Amino acid sequence: MTSHKIQKDLTRSYAEEITEVIKEEIGDSLFSVLIDESRDISVTEQMAVIVRFVNKKGEVVERFLGLKHVEDTTSSALKKALTEILAAHGLPIARLRGQGYDGASNMRGEFNGLQKQIRDENPYAFYVHYFAHQLQLVIVSVASCCSSFDDFFNYVGLIVTSSSASCKRKDKLLTKHRETILNKIESGEIFKGRGLHQTTSLARPGDTRWGSHFTTLIRIESMWDSVVQVLSMIHEDERNPGRAGGLVRKMESFSFVLNMKLMLKVFRITNDLSLLLQRKDQNIVQAMSLLVDVKIRLVNLRNEGWEPLLEEVKSFCVAKNIPIPNMDEAIPRWGRSRLQGDLITRGHHYRVDTFFAALDAILTEMDHRFNEVSSELLVCFSYLDPRNNFSKFDVDKIARLTEIYDEDFSFVDRSNIRDQLGNYIIHVRRIDAFAACHDLGSLAIKMVELERDRAFPLVYRLLELALILPVATASVERAFSAMHFIKTDLRNKMSDDWLNDLILCYIEKEIFKGLDNDKIKKRFQSIKNRRMHLPKKPPRKPRRV
């Protein structure tokens, strides 16, 4: 068993058996795919494919199909790789009903992207841009359209780097933070308690994961005094003190505090949604509802949030001895010279050019990025929502889905759908068990439990089509995390086939644990003739005398 050839054959046996289980799970169900690409440690472009379907229990399931090495990332090359993976699993493109990608042009291109090429072959494979990824891009839009916030996030990165770039600086920061906490406890400003005031440090923000900036800003706010003291010590002790001194001056400015407090409010509104959209069990209707809730909160913040925010910023500045500027003072517009004569009050600059500009950019970008929410397909699916005793139920809107998916509904089905919907809505409103259903996922599970999927097969088919539409990219990202965990600097020469087999066994742990060892042995022996066979039972341990 120490031979690498034996290990590869054994891993291959497990991977093939896992694949058989996945194929059996999918059966003849409709499905969607989630696809993304990433480079491994040996700078090889890999494409991960996840399949999403509804199992026999009515549960939404996402399974890892495989990792495929692609020589280039053009839409044609990606389509060829996807077709090969689906064919290897016996999944024809004709049964594909959804595509989920990120916003790369080679994926989502309207004229020659991957989604367009697949829809040319199968017009029912509707494309949905990952909601969580779009939400990230919405927050990015603030930095791109508002130069003051672009400047702010650049300084945040410099503050984190400067105050914790080395072990010595990080130790200073932690020491100062502990001293600050002890002083506050002694003065009665904060109280002791189990799990409170634990040791923490500044979190480095990620370039592509803007949710990480939320953690960074929370840490800067909670460790404010310690960060300022450490930067001041660096300014006094280091050979090149210029940057640290400039960062202290920047932090102790009203504009920096205002930007920090505003972005914390925005992140607190959007962060929960971002985390929810990364869960496997999210469905498209629930995601749409959550997006509407977040947008309402952002609109309320824009219309009613300026005065409370201004008071919060002023209170923070008073507590940290930061000077509060005169809001009636005339200043030039951002990036302009006083010589141009285009002056505005400082209060106007903070309220209009900072507060309103940032929130307007976010709301505008949400309308642009989430235009799928207003598409006819998703609007019609929303009328299946079981919340509030199926209050949104509309026979005509739901029946329209059978025309959109006319491949999955015969002429007779389309003729009978309204009558079945009428019987269905009377039944589910009368049965108490359906009152507890809070989304399409729980509704589908309850229908299978009560065998109502057989009584209302056309309605259940519509539920399946809604549930398999992809929402989140979490499963694909976890596949790449597994890839980076398995293929490392020390193991950077493994073949693509072995890498795929290892990742499949690693990701699908639940299936792996439930495999029959006898089947694995038979598959292992069938790969090639061997001198010895694996024992049917483990050898007995010798008795101690």
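The values are calculated or read from the model by the stated rules, or taken from the named source; none is laboratory data. Everything quoted here is computed from the prediction, not taken from an experiment. Ideal geometry is used to build each Cβ from the backbone, glycine not excepted, and the neighbour counts take in all protein chains shown.
Restricted to the stretch 12-51, and to residues there that are more than 20 Å from Asp501 (Cα to Cα) and not small (Gly, Ala, Ser), the residue that is surrounded by the most Cβ atoms within 10 Å (Cβ to Cβ) is Phe31.
Within the stretch 252-273, being within 11 Å of the chain's Cα centre (by Cα) and either under 26 Å from Cys317 (Cβ atoms) or buried (at least 21 other Cβ atoms within 10 Å of the Cβ) (or both) holds for one residue alone: Asn271. In the stretch 391-400, the condition of being on the phi < 0 side of the Ramachandran plot, touching a residue at least 24 places away in the same chain (Cβ under 8 Å), surrounded by 18 or more Cβ atoms within 10 Å (Cβ to Cβ) and touching a Lys or Arg at 6+ places or on another chain (Cβ under 8 Å) is met by no residue. Only one of Leu65, Leu86, Leu78 is closer than 22 Å to Ile22 by Cβ, modelled with pLDDT of 90 or more and touching a strand residue (DSSP E or B) at 6+ places or on another chain (Cβ under 7 Å). Can you tell me which? Criteria check complete, one pass: Leu65. Across the stretch 352-377, the qualifying residues are those that are out of contact with any strand residue (DSSP E or B) (no Cβ under 8 Å at 6 or more places or on another chain), buried (at least 19 other Cβ atoms within 10 Å of the Cβ) and within 25 Å of Asp439 (Cβ to Cβ), and the one among them that is modelled with the highest pLDDT is Met366.
Within the stretch 460-468, the presence of at least one residue that is in contact with an Asp or Glu (Cβ under 6 Å, 6 or more places away or on another chain) and either of a type in the set (Lys, Arg) or closer than 30 Å to Val412 by Cα (or both) is confirmed.
Restricting attention to the stretch 401-424, the residues that are part of a helix (DSSP H, G or I), more than 30 Å from the chain's Cα centre (by Cα) and crowded, with 18+ Cβ neighbours inside 10 Å add up to 4. Being in a helix (DSSP H, G or I), under 27 Å from Gly113 (Cα atoms) and in contact with a helix residue (DSSP H, G or I) (Cβ under 8 Å, 6 or more places away or on another chain) holds for only one residue in Ser13, Ser76, Ser29, and it is Ser76.
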